[in-house]
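Here, each number is a calculation from the coordinates, and none is a lab measurement. Here the structure is a predicted model, which is why all the values come from computation and not from measurement. Here Cβ is always computed from backbone atoms with ideal geometry, including for glycine, and neighbour counts include all displayed protein chains.
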Amino acid sequence: VLQALIVEVIVDVKSRSVDKRYDYYVPDDLVDVAEVGMRAHVSFGRQDCLAFVVGIRGPEPIRDGMKPILEFLDEMPLLGKNEILLSEWLCYRYVCTHLQAISAMLPAAFRDRKSRNLQKTRVYLLPLGTREQLEAALHAKLRKARKQARLLQNLVEQGEMQLAEFGLAPSDPSVRALILEGIARLEEREIYRSVEYGSISASKDIPDLTPSQNKALLAIEHSLANARPEDFVLYGVTGSGKTEVYLQSIAAVLRAGGGAIVLVPEIALTPQMVGRFVSRFGGQVAVLHSGLSQGEKRDEWMRIRRGEARIVVGARSAVFAPVTNLRLVIIDEEHESSYKQEESPRYEAREVARQRARISGAVVVSGSATPSLFAMRDVELGHAKLLTMPIRVNRKPLPSVEIVDMREELRNGNHSLFSRSLQVGLEQTVSRGEQAILFLNRRGFASFSLCRECGACMKCPNCDISLTVHKSGTKMYLRCHYCGHDAPLPAACPECGSEGMRPFGIGTQQIELLVKQKWPNTRVARMDNDTTRQKGAHQKIIQAFLNHEVDVLIGTQMIAKGLDFPDVSLVGVIAADTMLLLPDYRAAERSFQLLTQVSGRAGRAQIDGHTVIQTYRPDHFSIQCAAHHDFQGFYEEEKRTREAFWYPPYCELAVFLATHPEEKLVMGAARRFERELRRSSVAGQITILPASPCGISRIENKYRYQVVVKYLKWDEVRDEIVHAFHIVYQKMNQYHGVCSLDVSAGRIG
Ligand code: ADP
Ligand code: ZN
Ligand code: ZN
């Protein structure tokens, strides 16, 4: 019998039924190349496909019918052994397929079978004309020429596209059509152009640490030298110098020959932070962000894999970066919701970071000015040690916070959106040449359109949600924030025929307009999803504000995070209540965190800071504790509630979700899942909330039903829950319905 090396592969075929290891043998001429973590080309069934090598054994006898590997696509493995272990854990923890796990870990470029062929040059498609012209062309093509419309959409959003990444040749008819019409052009570029980090430059000076920074650094260094390293929660108020602690911990890791991963909520929102890492560590830093083209991401990945870049800074998926000798994982703004991936595998990067660190023997440092209840639970259980930095580096006090009761304002005849306090504050701030930030958690012009005569509200025809009012020039229109559906603002109410339809509630666009009307000489900028669609837009706005080209910056939570504007002395929170009303068991926590973060933007340098919080619920503990910088008080109160009502982190949660255009089907699926669990052997260990429609019961014409399950430990109930899930999954599959299971869900509904 012939003997050969056997590789175990996961094939790139999207079906749960083939999501298992298949054996192939390695022909003699490829034996020297074969390694775990490589991609290969194999023949599978009647097709050739891409495959990922997850194991090697042998030499062993070649079994009957066993096929050979056709070729390996990589010179060196893309994933190391530790990362393969991690991919297996992802399957176990998040109930995803092994293919989904590996795909989530690798940049998309590596999913392309042809990606081994390095091109000499790359051809880019670039837009010609203004944004308005592009959008008009896009609109005109939406129905008639979908492919062209898709290209235009990409150009509007990304500013350019590399054709090969989209599987397109310059001769493609849709590409030619856009060029002939004069709305796009081609450009050929050399490969390996240097990657633009989109960071804002920072000083290279290394400051002497404050005593509390020093204490934190020593604890981390001590743990790094330990055989069984310990994790940390770094609780430091805004401006206490957490980033400097990260930087110096990383320097220690580099000296010991190790590597580090720094997770940040969103790269585009943290250009200053990225700038500090790049200025300090130069070319040893790889920045992974969504603005990179697929090819750039692949190049950065290989730089990390080859050990040229030893520090990786990136958003949640950077937790998978193949850093050599990983010793430290930093999670900045640990409490942020962006660490959660909302599509399969529905992972929580903080949890993945912990698992990765465990596999590689690395230390996890989770930093925040408002640690999450999860982080604090880790401290309670002894899984992490708390490091505290209670004062700002410059010894400046935290900003004074004033709560304004908007009901009181109304009683006193002030019908404006700005309290008297905020008006006076804004005027004084601007006249002193200082800057202000106005924060509102809702984009658009108004929340919705409401009939004053009959109470009817304009809803999206595709979703169970009201349409948001937007303004373009002087014209109002309606838009769905879930599916993008646009509609005109009706002149007459479709229900009662009256002319009572009016915008109701406020959005950032309206705040911008009102500030401009009231203070025509004030320079205003707005930063939200609508003004930052284009690549580099965040950075432009931030830079303009830093350059004092803008006096008042208005924005959504985008402006609340990690930004350091030395001349901001006033922060106004327009409506603190909006966040408390979210259908999320963490609504109180989210409010406290956002209020603390946003007020932390004031008074960071020489000037004293002041924050005005406008609210209709001045007594709510989230608002009170944020105003008094009372983290401990907030934490104890919230902890009591979570314990009493059995919510995470005092239990774990899994949310089953079924979606389909037919309501009967999703209701049936959810009920079946519930029934299976109720008669399973773990029924006594879990709490099952009855199958019910989600908070938003329909999106894009698909109905949504859910089942929430609470339990103490995933390990104890996993098999039964997954069993029930698979039964329903297969049934739904027959009807092309989709169902998912989310074991790290925050939002319920
Ligand atoms: P945080 O991340 O906790 O909000 P930062 O690390 O951004 O705080 O620090 C706030 C400011 O103080 C930054 O401008 C930083 O450069 C500066 N800084 C940090 N540590 C020191 C130090 N030990 N001495 C002087 N300045 C420092
Ligand atoms: Zn009406
Ligand atoms: Zn919609």
Bridge orientation stat for the chain from DSSP, antiparallel percent rounded to 5, came to 55 percent
Karplus-derived HN-Hα couplings along the stretch 59-65 (A = 6.51, B = -1.76, C = 1.60, θ = phi - 60°), whole Hz, x at Gly and Pro: x, 9, x, 6, 6, 4, x
Tell me, what HN-Hα J-couplings in whole Hz come from the Karplus equation 6.51 cos²θ - 1.76 cosθ + 1.60 at θ = phi - 60° for each residue of the stretch 268-281, using x for Gly and Pro? 4, 8, 10, x, 5, 4, 4, x, 5, 5, 5, 5, 6, 10
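Net charge around Leu217, counting only other residues with Cβ within less than 15 Å of its Cβ (Lys, Arg = +1; Asp, Glu = -1)? Display every interim value, and only then the final one.
Values: positive: Lys215, Lys242, Arg255, Arg280, Arg327, Lys385; negative: Asp208, Glu221, Glu230, Glu244.
Once positives and negatives cancel, what remains is +2.
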List the trypsin sites (Lys or Arg not before Pro) within the stretch 587-687 that DSSP assigns to loop and that have no more than 13 neighbouring Cβ atoms inside 10 Å. Arg679
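At a Förster radius of 41 Å, what calculated FRET efficiency corresponds to the Cβ-Cβ distance of Cys483 and Leu2, to the nearest 0.05?
0.10
By counting other Cβ atoms within 10 Å of each Cβ, how are Thr578, Thr130, Thr611, Thr531 ranked from fewest to most? Present the calculation step by step, with values, prior to reporting the outcome.
Working: Thr578 17, Thr130 9, Thr611 28, Thr531 20.
Fewest-to-most Cβ neighbours within 10 Å comes out as Thr130, Thr578, Thr531, Thr611.
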State the Cα centre-to-centre distance between the stretch 691-722 and the stretch 630-673 in whole Å. 8 Å
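With the Cα gyration tensor of the stretch 330-386 giving a ≥ b ≥ c as the square roots of its eigenvalues, does the rule (a/c under 1.5 for rounded; else a/b larger than b/c for prolate; else oblate) give rounded, prolate or oblate?
Numbers: a/c = 1.81, a/b = 1.18, b/c = 1.54.
Oblate is the answer for the stretch 330-386, as a/c is 1.5 or above yet b/c matches or exceeds a/b.
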Kirkwood Rh over alpha-carbon pairs of the chain plugged into Stokes-Einstein at 10 °C, 1.306 mPa s gives a D in µm²/s of 56 µm²/s
In the stretch 222-372, what percentage of the DSSP-assigned beta bridges are antiparallel, given to the nearest 5? 5 percent
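Would you list His620, His335, His139, His538 from fewest to most Cβ contacts within 10 Å?
Lowest to highest Cβ neighbour count: His139, His620, His538, His335.
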So which trypsin sites (Lys or Arg not before Pro) in the stretch 425-483 are both in a DSSP loop and have at most 14 other Cβ atoms within 10 Å of their Cβ? Arg432, Arg452
The helix 131-144 Cα axis meets the longest alpha-carbon principal axis of the chain at an angle in degrees, between 0 and 90 and rounded to 10, of 60 degrees
Taking the Kirkwood radius as the inverse of the mean 1/r across Cα pairs, report the Rg/Rh of the stretch 539-647. 1.02
Nonlocal amide H pairs with Glu71, under 5 Å, H built at 1.01 Å: His41
Under the rule of -39500 (n - 2.57) per DSSP H run of 4 or more residues, summed and divided by the residues of the chain, what mean residue ellipticity at 222 nm is obtained, to the nearest 500 deg cm²/dmol? -10000 deg cm²/dmol
Descending semi-axes in whole angstrom, ellipsoid equivalent of the stretch 623-701, from the Cα gyration tensor: 34, 20, 7
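Report, for the stretch 433-558, the % of DSSP beta bridges that are antiparallel, rounded to 5.
Working: 15 of 23 bridges.
Of all bridge pairs located within the stretch 433-558, approximately 65 percent are antiparallel.
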Percent relative contact order of the chain, based on C-alpha pairs within less than 8 angstrom and at least six residues apart? 10 percent
Nonlocal amide H pairs with Ala384, under 5 Å, H built at 1.01 Å: Val379
Dividing the Cα radius of gyration by the Kirkwood radius, what Rg/Rh value follows for the stretch 246-343? 0.93
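Among the trypsin sites (Lys or Arg not before Pro) within the stretch 101-182, which fall in a DSSP loop and have no more than 12 other Cβ atoms within 10 Å of their own Cβ? Don't skip to the end; give the middle numbers.
Values: sites: Arg111, Arg113, Lys114, Arg116, Lys120, Arg122, Arg131, Lys141, Arg143, Lys144, Arg146, Lys147, Arg150, Arg176; in loops: Lys120.
Those satisfying the criteria are Lys120.
What's the magnitude of the charge dipole for the chain around its Cα centre, counting Lys and Arg as +1 and Asp and Glu as -1 at the beta-carbon? Answer in Debye, nearest 20. Don't skip to the end; give the middle numbers.
Working: 96 positive and 88 negative charges, 195 e Å.
With Lys and Arg at +1 and Asp and Glu at -1, about 940 debye.
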Using only Cα atoms and rounding to the nearest 10 degrees, what angle (0 to 90) does helix 294-305 make with the longest principal axis of the chain? 70 degrees
Under 5 Å between amide H atoms, partner at least 5 residues away or on a different chain: which partners does Ile331 have, H built in plane at 1.01 Å? Leu263, Val365, Ser366, Gly367
Where does helix 242-255 land angle-wise versus the long Cα axis of the chain, in degrees 0 to 90, nearest 10? 20 degrees
